[in-house]
Amino acid sequence: MKRILIVNVNWLGDTLFATPFIRAVREKYPGAYIAILTHPRCYKMLEGNPNIDEIIIYDEKKQHRNLLGKFSIASYIRSKKFDAAFILKKSLSRTLLLLFSKIPRRIGYGSKRAGFLLTEKAGIPDKKLHKVEYFLNLAKAAGIETKNKNYEILISDNDTKEGEKILNDAGIKDKGFIALNAGGNWDLKRWPAENFAELGDKIFEKLGSAIILTGAEKDIVLAENIAGLMKHRPLILCGKTTLKTLGAIFKKAICVISNDSGPMHLAVAVGTRVVAIFGPTSPELTGPYGDGRYIVLRKDTGCKIPCYDLKCKDNRCMKAVTAEDVLGALYEIIKHP
């Protein structure tokens, strides 16, 4: 393989899960031209990755939604003369795109809708695998193996300087701090706001560490709600960081305490300590992975996991994890340098 296209998945966490696969392809084909086709939201996660020569944005909801847009992206991909493509996301539309782009080798997992468009199909694993292993299993089917299964993300010097400026402006210069990341891409993955508030106060009172609340702009209301429930006012950085500056800030944290989310995996990727709170999702499938320093907390409440019951009214799997549980995990993880 001399010119390779990798069709990425759509979410931030899944993109980090894909980075060991990308690195494995580079290790196998060090001189190849490797491009990634990805959703706009995942661009920053991949930007600067040393194993990637080009990032191609594919926006199915906007720029490439109509026939003209799809023709445009297919023409561009065709002009790059890729000789092979790996498709990490089972998708009829994306597999068709590879066909119309005239890529001769199309490698992926077979599916009823799109499998017939592939030239090489990997067998579906007999048991459920963590997403990192699921992607690497596809690589293995193509004769590519690796021992390095750690996430990979580049935090530049500029990202680090901007992160330091954000902390300095917030009044944290040389103080030790713990980051609480309370957001999540769906509500049932979120630990209750009152639990985060209780935990933040306990950390401040028992450890004396500053507390920062992190998240996107859409998480500001949630962060203000948590802050309003606390006796000791935390610093709210929601909406004040880019993905990479958030990673730079996480690198400086004593620990990041987070729901199952993209930022949680970002914290693992940059090497900080992480306490991850899980409920309806499975740590075995989408939990933190690799050689990082992390503890996963999840209580068995008798529910089938993973659970995608968006109509669940009590969210008991998340409520079952207490502030004392998380504080205990925090004490355990900060023992280790």
Have a look at Leu310, Leu96, Leu180 and tell me which one the Gaussian network model of the chain (Cα, springs below 10 Å) gives the largest fluctuation.
Leu310
Farthest toward the dipole's positive end in the chain, which of Pro280, Ala210, Ile172, given Cβ charges of +1 (Lys, Arg) and -1 (Asp, Glu) about the Cα centre?
Pro280
Under a Cβ-only charge scheme (Lys and Arg +1, Asp and Glu -1), can you give me the dipole magnitude of the range 3-141 about the Cα centre, in debye to the nearest 20?
420 debye
Let me have the relative contact order for the chain, percent, based on Cα pairs under 8 Å that are six or more residues apart.
15 percent
Point-to-point label distance, Arg105-Lys80, nm (Cα→Cβ direction, 7 Å offset):
1.6 nm
Of Lys44/Lys173; Lys61/Lys149; Lys90/Lys140; Lys89/Lys299; Lys2/Lys61, pairs whose Cα-Cα distance is over 23 Å:
Lys44/Lys173; Lys61/Lys149; Lys89/Lys299; Lys2/Lys61
With the dipole of the range 197-337 worked out from charges on the C-beta (+1 for Lys and Arg, -1 for Asp and Glu) around the Cα centre, which of Gly328, Thr242, Ile295 lies farthest toward the positive end?
Thr242
About the Cα centre, and with charges only on the beta carbon of Lys, Arg (+1) and Asp, Glu (-1), how big is the dipole of the chain? Nearest 20 debye, please.
1320 debye
Taking only Cα atoms and a 10 Å spring cutoff, compute GNM fluctuations for the chain and point out the largest among Ile77, Ile249, Ile212.
Ile77
What are the ³J(HN,Hα) couplings of the range 231-245, residue after residue, when phi is run through the Karplus curve with 6.51, -1.76, 1.60 and θ = phi - 60°? Round to Hz, x for glycine and proline.
7, 10, 4, x, 9, 9, 10, 4, x, 9, 10, 8, 4, 6, 5
Got a sec to turn the phi values of the range 189-199 into Karplus ³J(HN,Hα) couplings, 6.51 cos²θ - 1.76 cosθ + 1.60 with θ = phi - 60°, whole Hz, x for Gly and Pro?
8, 9, 5, x, 4, 5, 5, 4, 5, 4, 4
What does the convex hull of the Cα atoms of the range 87-144 come to per residue, in Å³, rounded to a whole number?
79 Å³
For Ala170, distant residues with modelled amide H under 5 Å away
none
Residues meeting the amide H criterion for Gly239 (H placed from the backbone, H to H distance under 5 Å, 5 or more places apart or on another chain) are Gly215, Ala216, Glu217
Can you tell me the dipole magnitude for the range 157-334 around its Cα centre, using point charges on the Cβ only (Lys, Arg +1; Asp, Glu -1), in Debye to the nearest 20?
60 debye
Selected from Tyr43, Leu136, Ile107, residue furthest toward positive end of dipole (the range 3-141; charges at beta carbon)
Ile107
Fraction of alpha-carbon pairs in the range 280-337 farther than 12 Å apart, rounded to whole percent, equals 72 percent
Quick check on the chain: helices-only [θ] at 222 nm, where DSSP H runs of length 4 and up contribute -39,500 (n - 2.57) each and the sum goes over total residues. Nearest 500, please.
-11500 deg cm²/dmol
Value of relative contact order over the range 157-334, rounded to a whole percent, pairs C-alpha under 8 Å and six or more apart:
23 percent
Ordering of 228-238, 112-122 by burial proxy (mean other Cβ atoms within 10 Å per residue, highest first):
228-238, 112-122
Read-out Cα extents along the principal axes in Å, candidates [x] 63, 56, 32; [y] 66, 44, 39; [z] 62, 46, 40; calculated match is [z]
Amide H of Ala122 versus every other amide H placed in the peptide plane: which residues, excluding those fewer than 5 positions away on the same chain, fall under 5 Å?
Gly108, Tyr109, Gly110
Hey, what's the per residue convex hull volume over the C-alpha atoms of the range 185-238, in cubic angstrom?
70 Å³
Going out from 0 in 10 Å bins, what whole percent of all Cα-Cα distances in the range 157-334 drops into each bin?
10, 41, 37, 10, 1
I need the peptides 263-270, 188-195 ranked by packing, meaning the mean over residues of other C-beta atoms within 10 angstrom, with the highest value on top.
263-270, 188-195
What is the calculated FRET efficiency for Tyr33 to Cys307, with r their C-beta to C-beta distance and R₀ = 45 Å, to the nearest 0.05?
0.60
For the range 83-196, what does the relative contact order come out to in percent, with C-alpha contacts under 8 Å and a separation of six or more?
14 percent
Hey, with R₀ at 35 Å, roughly what FRET efficiency would Phe71 and Ala141 work out to, going by the Cβ-Cβ distance, to 0.05?
0.65
Can you give the FRET efficiency for Arg316 and Thr119, using 1/(1 + (r/R0)^6), R0 = 51 Å, r = Cβ-Cβ distance, to the nearest 0.05?
0.60
For the chain, set up a Gaussian network in which alpha carbons nearer than 10 Å are linked by springs, and say which option among Asn49, Asn181, Asn66 fluctuates the most.
Asn66
In whole angstrom, largest first, the equivalent ellipsoid semi-axes that the Cα gyration tensor gives for the range 3-141 are 21, 18, 15
Between the alpha carbon centres of the range 274-316 and the range 26-91 the gap in Å comes to 31 Å
With x for Gly and Pro, the residue-by-residue ³J(HN,Hα) of the range 269-285, computed from phi through the Karplus equation 6.51 cos²θ - 1.76 cosθ + 1.60 at θ = phi - 60° and given in whole Hz, is 4, 8, x, 7, 6, 9, 10, 10, 9, 10, x, x, 9, 9, x, 5, 9
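No lab work stands behind these numbers, since they all come straight from the coordinates. None of the values given here were measured: they were computed from a predicted structure. Counting neighbours? That spans all protein chains shown, and the Cβs are built from the backbone with ideal geometry, glycine included.
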